[in-house]
Amino acid sequence: MSPSTADGPSDASRPAKRVRRGVFLLPNLLTTGTLFSGFYAIVAGMDGHFDRAPLAIFLAMLFDGLDGRVARWTHTESAFGKEYDSLSDLVAFGLAPALVVYQWGVSRLLEYNLVWGRIGWLVTFLYAVATALRLARFNVRTSVVDKRYFEGLPSPSAAALVAGFIWCIPRVDLPQPFDLILAIMVTALAALLMVSRFAYSSFKGVKLTGRVRFNLAILIPLSFVLIALDPPLVLFALAASFALSAPLTWVFRLVVNRRRAH
């Protein structure tokens, strides 16, 4: 008696288990949340709500972090989802920060100095271009790069750096237009780091289901407490620390290697 008649249809003859169609919508809905948050940030910046615009960009980061994980967990990854995610990222982490920082600072720089105003306009445009180049490079090099590292600063991290600066800089009593010039410098730095070759940790080696030491586990609720106490300052500090981590590591290794050579 064949296995198919004794135990029912064999695995080869059974129809493949179909995932319900609604599951495929879930990661794309989260990606739409990224797109909507970026769009809202642009509108908030145009209306002069520079407290809401950075918050919307950070919310877009949350959606962007969830859509890929949900797609992998539910086995609903697709070429469509990948392209949709990249287009949404360009809006949320490329156009939104560029337009918000333009509306916040560059438009006022034109009132002080025409040259600085034009430089600021150019920098915000170059930031948007750098985001597009960063996303395109990521898409074409996904299969050849080390999964443990990102090549160049990820676009969500660059957006967090710019948005965090705009969110917390009003607390610092800097004379104008120095605060506006500083915003342009931060935007230019974020753009350059995105198209750089610096290796940033992807944290993909961290297993959420694995065991960790108790003192490391305490850091998780502690980080949430710190963010709750002062969201603009803490989020900007985290974004700046991550953005500078790769260049500082590169400089440190360069100094150590030169000392060893001598």
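Summary of values
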read-out	value
Any pair with Cβ under 9 angstrom, 6 or more apart, that starts in the range 236-262 at a residue that is under 14 Å from Ala199 (Cα atoms) and ends at one that is of a type in the set (Ser, Thr, Tyr) and part of a helix (DSSP H, G or I)	Phe242/Ser157; Ala243/Ser157
Cβ pairs under 8 Å, 6+ apart, first in the range 80-106 and modelled with pLDDT of 95 or more, second outside any helix (DSSP H, G or I)	Val100/Phe50
Residue in the range 152-191 that is nearest to the chain's Cα centre (by Cα), counting only those that are at pLDDT 90 or above and in a loop (DSSP other than H, G, I, E, B)	Pro154
Evaluation of Thr142 against (1) surrounded by fewer than 17 Cβ atoms within 10 Å (Cβ to Cβ); (2) in contact (Cβ under 8 Å) with a residue 24 or more places away in the chain (one fails), failing number	(2)
Entirely in the range 56-119, the helices (runs of 4 or more DSSP H) that have 2 or more residues that are under 22 Å from the mean Cα position of the chain (by Cα)	79-90, 96-101
Residue within the range 124-147 that is closer than 23 Å to Leu238 by Cβ and aliphatic (A, V, I, L, M) present	yes
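The values are calculated or read from the model by the stated rules, or taken from the named source; none is laboratory data. What you see is a predicted model, and the numbers here were worked out from it, not measured in a lab. Because the Cβ atoms are built from the backbone with ideal geometry, glycine has one as well, and the counts that use them run over all protein chains shown.
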